[in-house]
Amino acid sequence: NSISCRAAAAVTQYKIIKLAASGAADGLPDAVHGTAGTDLGVGVALNTAADNAPLEVQVAGVAVMIAGETLTLGTNHSLTSGAAGVAMQAVANDYQVGIFLGSLKGTATAAAGDHILVALAQSRFEIA
């Protein structure tokens, strides 16, 4: 459920990852933090990595992420990337990276900076 990448900049564990336009010399895809909902997030960093270091990215299953704002189960369903790869509520035309399942604290609400559980599910989020 993960892919091997090379960090194209410093990457923090549990943050949303997108693939960079270039590829590393060793054939691994370059990866960086997602920075906006319009970024196609492919998964979440499983380790912290310095620039040009190996990086494992979880692309399927239930993942741990870092909330970028207050999220409430039943209200904030679809998540996308915010600044520096934190999870934010998706809005029209964002790329969804996953579905909010709750806080690791065992509560239905998570504050910015909390670790959260997310069912990874990439898609384009559209509101009719």
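The values are calculated or read from the model by the stated rules, or taken from the named source; none is laboratory data. Remember, it's a predicted structure, so these values are computed and weren't measured experimentally. Using ideal geometry, Cβ is built from the backbone for each residue, glycine included, and neighbour counts are taken over all protein chains shown. Side chains are part of the model used for accessible areas, which takes the heavy atoms of the whole protein and leaves out ligands, DNA and RNA. Shrake-Rupley method; radii C 1.70, N 1.55, O 1.52, S 1.80 Å.
Pairs linking a residue in the range 83-108 that is free of Cβ contacts under 8 Å to residues at least 60 places away in the same chain to a residue that is among the aromatic types (Phe, Trp, Tyr), with Cβ atoms under 8 Å and 6 or more positions apart or on different chains, are ALA90/PHE125; VAL91/PHE125; ALA92/PHE125; ASN93/PHE125; ASP94/PHE125; TYR95/PHE125; GLN96/PHE125. For the range 47-74, a residue qualifies if it is in a loop (DSSP other than H, G, I, E, B), open to solvent by 40 Å² or more (accessible area, probe 1.4 Å) and under 20 Å from TYR95 (Cβ atoms), and the qualifying residues are VAL59, GLU69.
VAL62: within 22 Å of ARG124 (Cα to Cα) and touching a Leu at 6+ places or on another chain (Cβ under 9 Å), yes or no? The answer is yes for VAL62. Applying a threshold of 8 Å to beta carbon distances and a minimum spacing of six or more residues, or different chains, the list of pairs starting in the range 13-37 at a residue that is free of Cβ contacts under 8 Å to residues at least 12 places away in the same chain and ending at one that is surrounded by 15 or more Cβ atoms within 10 Å (Cβ to Cβ) reads ALA21/ASP30; GLY23/PRO29; GLY23/ASP30.
Scanning the range 3-46 for residues that are under 15 Å from the mean Cα position of the chain (by Cα), among the small types (Gly, Ala, Ser), part of a strand (DSSP E or B) and within 23 Å of ASP94 (Cα to Cα) yields ALA20, ALA31, GLY43, ALA45.
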